[in-house]
Amino acid sequence: MPDELFDLKVGYTYFKNPIALAPMGGMTDSKFANQYAAEAGLVILGGYNLDSLTQKAASQMVARGREEFISENPMTLIEKEIRSIKNGNTVAVNVRSATIEPLVEAAAIIKDNGAIIELDAHCRQQEMIDIGAGQALVYDIPRLTEWIRRIKDTGAVLSVKIRGNVVESTALARAIESAGADILHLDAMKEGAGADLNLIKEIRDSTRMFLICNNSVTDADTAKEMFARGADMVSVARGILDDSGLISRLVADISATQKDIGWYNAPKHVCRGEGDLRGLAFCCLPVKSCPVHSNIKKLGITAQQFADIKMDFAKGTMLEYGDSTCFGSLVWCCKISKPCFLRDGVLETLGLSDTEYMRLKKELGDYIIEQASKSSHGPKNG
Ligand SMILES: Cc1cc2nc3c(=O)[nH]c(=O)nc-3n(C[C@H](O)[C@H](O)[C@H](O)COP(=O)(O)O)c2cc1C
Ligand code: SF4
Ligand code: SF4
């Protein structure tokens, strides 16, 4: 049964919340997921090695001490593992291959079991790269996009897992989206520096794909920094090894946020350069010199078009009201977390709750981006 608190759907799958278990080869099987990720909205099993080349590479990696899943019959194993997941989590299966045919075969099986196939374009172990699997795919975009098209032909929901800052990441994200992938799973790694939050914002502004982000999430605060830059979902891998209750706490925290404000991944204001383009929903009338203009420019529209889009959305909604606010309408008003007695007075008079106000702002953020892409050529970022 779909959870009413979040409205998270991709193709034939839905997520009960926006927290995921990220894949760790040799570790994240159904037993691991059932034990440590019972509450997760998504559990990603694998990575599984699908063809003889990746199986041989994995054996070499095991010989030097890494853990890997190796099976002579990976298709049967994958089906069994998906079916062994309890607790009603949606399942994704992270897979590696040096050839396309096993990916297509796996996609059909995974789809038949209601799960998501996740193409591993992330693994940077030399044995995998040498045979053209894992991260080697991001260096060869024509091959990567051809594989995405072939996998999508099966009708399976497809996630592509990449590491950021390996190649130009926004162009890569756009290529993956144009080829038809449904989900981008971004390891926002910045060498030696944990997660690259600015990269998440840039990727959010470059694609409408469902965006899963990770790297170095160890608590609710680090997850929230990703959500505020546009992550639709946050996944965790290593954090669970040190803290077995991590997923459970992240789910509890983000669920409380959703109940409180109605928009769990609300962006920051764009003023200080942290908010992604959805943050334009909180912007003032563009009458002064401030970062609203550079953000409007990214959308490829004029300040007048921006004002018209916002006013057009407001018409017939509660955001139309607010004579006593700075710009005469709630459509120009700030995020609910910014204290303001003028706005709150209007909300009280209208009987509009904080969550209803933020849900309208969420719709407004999406509307601005959609309308701008119709009247221009879409976001001009990256
Ligand atoms: C031991 C280990 C094995 C991993 N195996 C895979 C894998 O098979 N496929 C994949 O896409 N990512 C793999 N990853 C990457 C993780 O899914 C994740 O992107 C990365 O560890 C950053 O997230 P974290 O900081 O929460 O660990 C692996 C990571 C670790 C630590
Ligand atoms: S319009 Fe207002 S909210 Fe937007 S960047 Fe300028 S000052 Fe900040
Ligand atoms: S009235 Fe308050 S919430 Fe609205 S724009 Fe002015 S400061 Fe922001």
Order of I203, I70, I254 - criterion: other Cβ atoms within 10 Å of each residue's Cβ, fewest first = I70, I254, I203
Does anyone have the angle between helix 303-314 and the longest principal axis of the chain? Alpha-carbon axes, 0 to 90°, nearest 10?
-> 90 degrees
Which value in deg cm²/dmol, rounded to the nearest 500, describes the helix-derived mean residue ellipticity at 222 nm for the chain, given -39,500 (n - 2.57) per DSSP H run of n ≥ 4 and division by the residue count?
-> -12500 deg cm²/dmol
Sort E72, E127 so the one with the fewest other Cβ atoms within 10 Å of its own Cβ comes first.
-> E72, E127
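Using Stokes-Einstein with the Kirkwood hydrodynamic radius over Cα pairs, what translational diffusion coefficient do you get for the stretch 8-261 at 37 °C and a viscosity of 0.692 mPa s, in µm²/s rounded to a whole number? Intermediate values should be presented prior to the final figure.
Numbers: Rh = 17.8 Å.
It comes out at roughly 184 µm²/s.
Among DSSP beta bridges whose residues both lie in the stretch 8-261, state the antiparallel percentage, nearest 5.
Details: 5 of 39 bridges.
Among the beta bridges of the stretch 8-261, antiparallel pairing accounts for roughly 15 percent.
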Please sort by residue number the trypsin sites (Lys or Arg not before Pro) in the stretch 1-95 whose DSSP state is loop and whose Cβ has at most 14 other Cβ atoms within 10 Å.
-> R64, R66, K86
Those lysines that a straight Cα-Cα span of less than 18 Å connects to K259, excepting residues fewer than 8 apart in one chain = K16, K224, K335, K338, K361, K362
How far is the Cα center of the stretch 1-73 from the Cα center of the stretch 166-245, in Å?
-> 17 Å
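Just rank I116, I369, fewest to most, by other beta-carbon atoms within 10 angstrom.
Exposure proxy ranking, most exposed first: I369, I116.
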Calculate how steeply helix 354-375 sits against the longest principal axis of the alpha-carbon atoms of the chain, using the helix alpha-carbon long axis, and give the answer as 0 to 90 degrees to the nearest 10.
-> 80 degrees
Longest principal axis of the chain (C-alpha) makes with the long axis of helix 52-63 (C-alpha) an angle, in degrees to the nearest 10, of 90 degrees
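I'd like the antiparallel share, as a percent to the nearest 5, of DSSP beta bridges with both residues in the stretch 1-151. Write out the running numbers ahead of the final one.
Working: 4 of 18 bridges.
Within the stretch 1-151, antiparallel bridges account for around 20 percent of the total.
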If every Lys and Arg gets +1 and every Asp and Glu gets -1 at its Cβ, then about the Cα centre the stretch 2-151 yields a dipole, in debye to the nearest 20, of 80 debye
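Throughout, read-outs are computed from the coordinates displayed, never taken from laboratory work. Please read these numbers as outputs of a predicted model, since none were measured by experiment. Every residue, glycine as well, gets a Cβ built from its backbone with ideal geometry; the counts of neighbours run over all protein chains shown.
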